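Since every read-out is calculated from the coordinates, none of them should be taken as a lab result. Note that the structure is predicted; figures quoted are calculated from it, not measured. Positions of Cβ are backbone-derived with ideal geometry, glycine not excepted, and every protein chain shown enters the neighbour counts.
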Amino acid sequence: MIDLYTWDTPNGRKVHIALEELELQYTVHRVNLGSGEQHSPGYLEINPNNKIPAIVDLDGPSGRSAPVFESGAILLYLAEKTGRLIPVDPIRRSQAIQWLMFQMAGIGPMLGQLFHFRFVAPEHIPYAVDRFTTEVERLLGVMERRLDRLSFLAAEYSIADIACYPWIKAHDRLGLDIGPNVQGWLAAIGDRPAVQRGMALLTE
């Protein structure tokens, strides 16, 4: 059994999707970001960075309880735990991890900053909006070129695709144009029942 600490955000949805794809049993613990529950002393023992998501694998290595924080690290942990959603071939495995890092270092932070400066910042700062829009468009172009010859980022469906999907899914809200290859990739992933269940978790 896995305890899942999460909220309805792209980073949370990544782990929701992985748990559904892997058919792992889990218990949901809502961490309400709006009311500051992520700063509670009890939660900080699980995630010292006071962010979501985090998990505690009650059936961890050698039967020990294993807390894991950072969404990319959680995806990698779950893939290694089950031997699924990550290629066996060393080169393909490396590619999956590279594209996972691409999301963690680029897609997530840049889209997050763009969202902040478009919708949350108390004043409109054109330079910030233009800067992050340009960088997000560049990253989308990287994905578009990658998916020109592959169905998925690491050739086979993997944690790399799961990491990127909830962020790229929000492109329309941000008014971003995406190319046909990324559009097809979004559609193929969005048709997966496990993805639909993971995206729907907590949406009520």
State which stretch of the chain is the longest one without any exposed trypsin sites (Lys or Arg not before Pro), exposure meaning a DSSP loop state and at most 12 other Cβ atoms within 10 Å.
65-148
Taking N as the number of residues in the stretch 1-87, what is its alpha-carbon radius of gyration divided by 2.2 N^0.38 Å?
1.02
Report the Cα centroid-to-centroid distance between the stretch 177-204 and the stretch 75-125 in angstrom, as an integer.
15
Does the chain classify as rounded, prolate or oblate by the C-alpha gyration tensor (a ≥ b ≥ c root eigenvalues; a/c under 1.5 gives rounded; else a/b over b/c gives prolate, otherwise oblate)?
oblate
Which shape class applies to the stretch 36-87: rounded if a/c is under 1.5, otherwise prolate when a/b exceeds b/c and oblate if not, where a ≥ b ≥ c are the square roots of the Cα gyration tensor eigenvalues?
oblate
Is the shape of the stretch 62-138 best called rounded, prolate or oblate, per the rule: a/c under 1.5 gives rounded, else a/b larger than b/c gives prolate, else oblate, with a ≥ b ≥ c the square roots of the Cα gyration tensor eigenvalues?
oblate
